[in-house]
Amino acid sequence: MADDSPVKSQQLPSHTHIAIVGSGFSGLGAAVNLEEAGHRDFVVLERGDDVGGTWRDNTYPGAACDVPSHLYSYSFALNPNWTRSFSTQPEIEEYIRRVGRRAGVLDRHVFGCAVTRAVWREERRHWELSTSHGTMTADVLIGAFGALAEPSLPDIPGIDDFDGALFHSAQWDHDADLTGKRVAVIGTGASAIQLVPAIADTVSHIDVYQRTAPWLLPRFDRPFTRVERWAFRNIPGVLRLARAGIYAARETQVVGLAKNPRLMKAFELISRAKIRTEIKDPELRRKVTPNFRIGCKRMLIANDWYPALDREHVDLITEGIREVDGSAIVTKDGTAREVDAIIVATGFHVTDSPMFDRICGSDGRSLSQTFADKGMRAYKGTTVAGYPNLFVLVGPNTGLGHTSMVYMIESQLNYIVDAVNTMKSRGITRIDVRQDVQDAYNDELQRKLAGSVWMTGGCASWYLDAHGNNTTLWPDFTFRFRRQTRRFDLDSYETSLDIDASTARAKGTVRGFN
Ligand code: N01
């Protein structure tokens, strides 16, 4: 099958053993891992028309990865053909599509199928799913809906009545012709710093609205030479070696980020030097210099952001936005700036994903209700007390700013596949993580986070929730998470057996049940 061949969507089954919601890096990875472990009775429900998730959706100009591709890829599908060190969005999307097609799991996908509700039915011990294609049930639910899937729109008075083109960076309107137009970009996060330089030559003017200046580091991006690509393809071990080297180099950052924030000062010096060399205008230098410790918000990497801001037809506006009035953005000092298009690059609903409203556990409460008291909490970022047989990928405190999320996803997948295998081999129909185990796990996480730069660096970031808790980031070396998730720890769970297994239970061959 050609790599870009169209996918044929399947019918929604009435029941499946395992339902996976979403087919980005995590959902597709789950499908491939389950298939390899011999599980055939699963279905992937994907609201889009192909695999790829965030890499399918974020098609804004300049979209690229901040983690080198040899690490930002599946360990089971290394790619010797990456064309450059930091791949662009089209190349990553193509990679994920190819993995999906080659793994032979697309025949278990239902595309264009949005899950609108998932309710645990205690009496039947299964999940009842409402979807845009009808209803179905599943014994096990894997939430792979992603943390960066739901665009967050700014609440600016009058913006809905704006007279021109208006869209979010993650929902780029490719029909909107920006040639020669006056454009406003709201936000200066990872997406904005990629898209502004990419459109700067096309548009006549850009107003960039900055609320908080980000710290920037150099982007060591370059095309691979033909010799390197030949070596990646033909010399055994070279790909793995490259991957290991990138992994080790990135992991050293954890020492400063999580353990000793004062060490981050060295990065600050590099970033300040970058500002001095890449920007001529002293006033602009002042505006782009952050007022918090580097690492507190995600460190960004780019070589073209400051030079783009320094251009004649690009203005950096730091007065806050008051409102949108007709075709003008009005700042708090009363200045109105006319534009033809507004691009909002204001990030995603991470700690308040709409999917949390749609998943209801054994007491009927949604995940949002459960998370309302203390914020998002899970065990090993994957299971949540009161939500039996639910596994969440890229769940609470599994996020990273410095290295590859695919590494965390694959760690979770080890754990989930082992859990599903354990349930099958022991005849267990219901697992629910013990509340005391989950609480102890989270107390330990917060203790580790307390001294980190994310908590002490003096910034407001989407890493923190409404309570000021960091419920998004993993606060340690990632190999420690890999170690924690190597095996499913049945003793941390309350479990129930199926009727066939009761005989085995009577013989005392199954432990850990209630
Ligand atoms: O979003 P963000 P993003 N008025 O939340 C500002 C990943 N990613 O789409 O800092 C005015 O980082 C907000 O200001 P402030 C990556 O994990 C990865 O850029 O909150 N401004 C900020 O400047 C990343 O972290 C790659 O004060 C408002 C910006 O909007 C995540 O996606 C590439 C505002 C939002 O920044 C999200 O990045 C791209 C308002 N009302 C993205 N609300 C890779 O390379 C928000 N802002 C892997």
TODO: Step through the residues of region 448-462 one at a time and calculate ³J(HN,Hα) from phi using the Karplus curve (6.51 cos²θ - 1.76 cosθ + 1.60, θ = phi - 60°), rounding each to whole Hz and writing x for Gly and Pro.
DONE: 5, 6, 3, x, 6, 5, 5, 9, 10, x, x, 10, 9, 9, 6
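With the radius of gyration and the Kirkwood radius both derived from the Cα set of region 289-386, what is their ratio Rg to Rh? Each step should come with its number before you reach the end.
Working: Rg = 20.5 Å, Rh = 18.1 Å.
In region 289-386, Rg relative to Rh is 1.13.
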Open item on the list: If you fit an axis through the alpha-carbon atoms of helix 89-103 and take the longest principal axis of the Cα set of the chain, what angle between them do you get, 0 to 90°, nearest 10?
Closed with: 20 degrees
Task: Per-residue HN-Hα couplings for region 58-64 [Karplus 6.51, -1.76, 1.60; θ = phi - 60°; Hz; x = Gly/Pro] - done: 7, 10, 5, x, x, 4, 7
Open item on the list: From the phi angles alone, apply the Karplus equation (6.51, -1.76, 1.60; θ = phi - 60°) to region 430-442 and give each ³J(HN,Hα) in whole Hz, x where the residue is Gly or Pro.
Closed with: 8, 10, 8, 4, 5, 4, 5, 5, 4, 5, 4, 4, 6
Task: Other-chain or far-sequence residues with amide H under 5 Å of A114's (modelled H) - done: S132, H133
TODO: Rounded, prolate or oblate: pick one for region 181-288, where a ≥ b ≥ c are the square roots of the eigenvalues of its C-alpha gyration tensor, a/c under 1.5 means rounded, and failing that, prolate if a/b is larger than b/c, else oblate.
DONE: oblate
TODO: Of the DSSP beta bridges with both residues in region 118-224, give the percent that are antiparallel, rounding to the nearest 5.
DONE: 65 percent
Task: Volume per residue of the C-alpha convex hull in region 75-221, rounded to whole Å³ - done: 223 Å³
- [ ] Kindly state, to the nearest 0.05, the FRET efficiency for D161 paired with N303, given R0 = 41 Å and r defined as their beta-carbon distance.
- [x] 0.60
- [ ] Quick one: which residues, 5+ away or cross-chain, put their amide H under 5 Å from the amide H of I20? H built at 1.01 Å from N.
- [x] V43, V44, L45, I142
Task: Set of lysines near K424 by C-alpha distance (under 19 Å), chain-local residues within fewer than 8 positions excluded - done: K507
TODO: List the residues whose amide H sits under 5 Å from the amide H of L473, counting only those 5 or more places along or on another chain, with H placed 1.01 Å from N in the peptide plane.
DONE: N397, G399
- [ ] Using a 10 Å cut-off on Cβ atoms, rank the peptides 53-62, 225-234 from the highest mean neighbour count down.
- [x] 53-62, 225-234
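Rounded if a/c is under 1.5, else prolate if a/b is larger than b/c, else oblate: which is region 221-366, with a ≥ b ≥ c the root eigenvalues of its Cα gyration tensor?
The shape class here is oblate.
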TODO: Based solely on C-alpha atoms, express the radius of gyration and the Dmax of region 366-452 in angstrom.
DONE: 13.8, 43
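Counting helices only, and only those DSSP H runs with n ≥ 4, report the 222 nm mean residue ellipticity of the chain as the sum of -39,500 (n - 2.57) divided by its residues, in deg cm²/dmol to the nearest 500. Can you show the working numbers first?
Numbers: 16 runs with 156 residues, N = 514.
Mean residue ellipticity, 222 nm, calculated: -9000 deg cm²/dmol.
All of the numbers you see were taken from the coordinates with simple rules; none came from a lab. The structure presented is a predicted model; accordingly, all values stated were derived computationally and were not measured. Positions of Cβ are backbone-derived with ideal geometry, glycine not excepted, and every protein chain shown enters the neighbour counts.
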